[in-house]
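Scroll down for the structure; my scribbles are underneath it.
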Amino acid sequence: MCSNVARGLVQAIIDETTSSTRKDQTILLCSPEGEQHNLGCCVIESVLLVRGYKVLNASPSAPSDSIIRYVKNAELDAILISVTLLENMGSAERLIRSIQAASNIPILIGGQALLKVTNERKNIIISSKVRVMEKVQLDEILRVIREVIRHRKL
């Protein structure tokens, strides 16, 4: 119930958000199949919208094949994957591999599950050139998104 109230408040912010500065940068927010928690994606969506990004929020739990089809056909600058529950990390890793097979769009991953995952598993994710966002503040997430997009365009 608390999550639904918080999600409603975040949605109200999103609905009222307008940014005078529009960026030509599009961010896809998603979660792996099985993940039903999307409050984190909603909060990040509201912050990105305020900063002028175009945001596509495919959470919670859009089917991986739909995400891959979209990634192949859309002009995206970055993909953020949110994982709350540890049992969804396997699904997240499969989604990452599928996205990387379909495109070279930078991927960032964050969420509560990363606080519980083993260092070995975290290193596997990092070795696949995915930015792991662990224990970071919103302003740090924004800095990393800007950095990743800037690096991609070089």
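The values are calculated or read from the model by the stated rules, or taken from the named source; none is laboratory data. As the structure is a computational prediction, the values presented were derived from the model and not from experiment. Neighbour counts are summed over all protein chains in view; Cβ atoms, including those assigned to glycine, are modelled from backbone coordinates with ideal geometry.
Taken together, the residues in region 124-145 that are farther than 19 Å from Ile99 by Cβ and not β-branched (Val, Ile, Thr) amount to 8. The residues of region 112-138 that are in contact with a helix residue (DSSP H, G or I) (Cβ under 9 Å, 6 or more places away or on another chain) and among the charged types (D, E, K, R), listed by number, are Lys116, Arg121, Lys122, Lys129, Arg131, Glu134, Lys135. Against the conditions (1) surrounded by fewer than 19 Cβ atoms within 10 Å (Cβ to Cβ); (2) assigned to a helix (DSSP H, G or I), Cys41 satisfies every one except (1).
Mind listing whichever residues of region 67-81 are outside any helix (DSSP H, G or I), surrounded by fewer than 17 Cβ atoms within 10 Å (Cβ to Cβ) and of a type in the set (D, E, K, R)?
As a first pass, look at region 67-81 and keep what is outside any helix (DSSP H, G or I): 74-81.
With surrounded by fewer than 17 Cβ atoms within 10 Å (Cβ to Cβ) added as a condition, the list becomes 74-75.
Glu75, the sole residue that qualifies.
Hey, can you tell me all the residues within region 24-37 that are touching a residue at least 40 places away in the same chain (Cβ under 8 Å) and either out of contact with any helix residue (DSSP H, G or I) (no Cβ under 9 Å at 6 or more places or on another chain) or closer than 18 Å to Leu142 by Cα (or both)? Step through it out loud before you land on a result.
First, pick out the residues of region 24-37 that are touching a residue at least 40 places away in the same chain (Cβ under 8 Å): 25-35, 37.
Gln25, Thr26, Ile27, Leu28, Leu29, Cys30 - these are the residues of region 24-37 that are touching a residue at least 40 places away in the same chain (Cβ under 8 Å) and either out of contact with any helix residue (DSSP H, G or I) (no Cβ under 9 Å at 6 or more places or on another chain) or closer than 18 Å to Leu142 by Cα (or both).
Taken as a whole, region 59-66 holds at least one residue that is modelled with pLDDT of 90 or more, part of a helix (DSSP H, G or I) and exposed (fewer than 13 other Cβ atoms within 10 Å of the Cβ).
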